[in-house]
Amino acid sequence: MEYIHLLLISMMPIIELRGAIPIGIAQDLNPIYVYMACVLGSTLISIPLIIFFRQVMQLLKKFKVFYKLVHKIDNKINKSMKKLRSVNILGIILFVAVPLPTTGAWTAAAIASILRMRIKDSLAGILCGNLISGTIISIISLGII
């Protein structure tokens, strides 16, 4: 049951797996199961987030106040879409892999939505980034470094 709690904690914004892994290790739980539960939770939440952020962008286009901003973002993305597609997944991986606040799955999902990445590409990038970040946080939490 503790691992389900950690999975749910890792889905929370700001905390994500960066906070859930140290909590699980502090509770003397098996570090491997803590790692797996937290990576899974932090990655699974990104699917609805990507879809949600896309809907928010569409909704913002309907309001005059935000239309210019959203339209400007869309134009910028459309102009550089070929360049962005080749760097998207790597960029998301590197962004999520850095274990700092606000560089987790929630922010990466928003970025992927803005860049209109395919869901499977953004999910793959977020998963790889979570695997790297989770490893770093686990090693630090276990006192290996």
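Tabulated values for the structure
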quantity: Where labels lie 7 Å past Cα in the beta-carbon direction, separation of residue 59 and residue 30 in nm; calculated: 4.1
quantity: Potential extension, residue 1-residue 144 segment - 0.36 nm per residue separation minus Cα distance; calculated: 48.8 nm
quantity: Whole-Hz ³J(HN,Hα) from phi, Karplus 6.51 cos²θ - 1.76 cosθ + 1.60, for segment 13-18, glycine and proline x; calculated: x, 6, 5, 6, 6, 5
quantity: Average silhouette area of the chain, convex hull of alpha-carbon atoms, in square nanometres; calculated: 9.0
quantity: Normalised contact order of the chain, rounded percent, pairs of Cα under 8 Å and 6 or more residues apart; calculated: 31
quantity: Computed [θ] at 222 nm, deg cm²/dmol, the chain (DSSP H ≥ 4; -39,500 (n - 2.57); rounded to nearest 500); calculated: -25500 deg cm²/dmol
quantity: Table column - 3J(HN,Hα) (Hz), segment 135-145, Karplus curve with 6.51, -1.76, 1.60, x for Gly and Pro; calculated: 5, 4, 5, 5, 4, 5, 5, 7, x, 6, 9
quantity: Per-residue HN-Hα couplings for segment 27-33 [Karplus 6.51, -1.76, 1.60; θ = phi - 60°; Hz; x = Gly/Pro]; calculated: 7, 6, 7, 4, x, 5, 5
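All of the numbers you see were taken from the coordinates with simple rules; none came from a lab. Just so we're clear, the structure is a prediction, and the values are computed from it rather than from any experiment. Because the Cβ atoms are built from the backbone with ideal geometry, glycine has one as well, and the counts that use them run over all protein chains shown.
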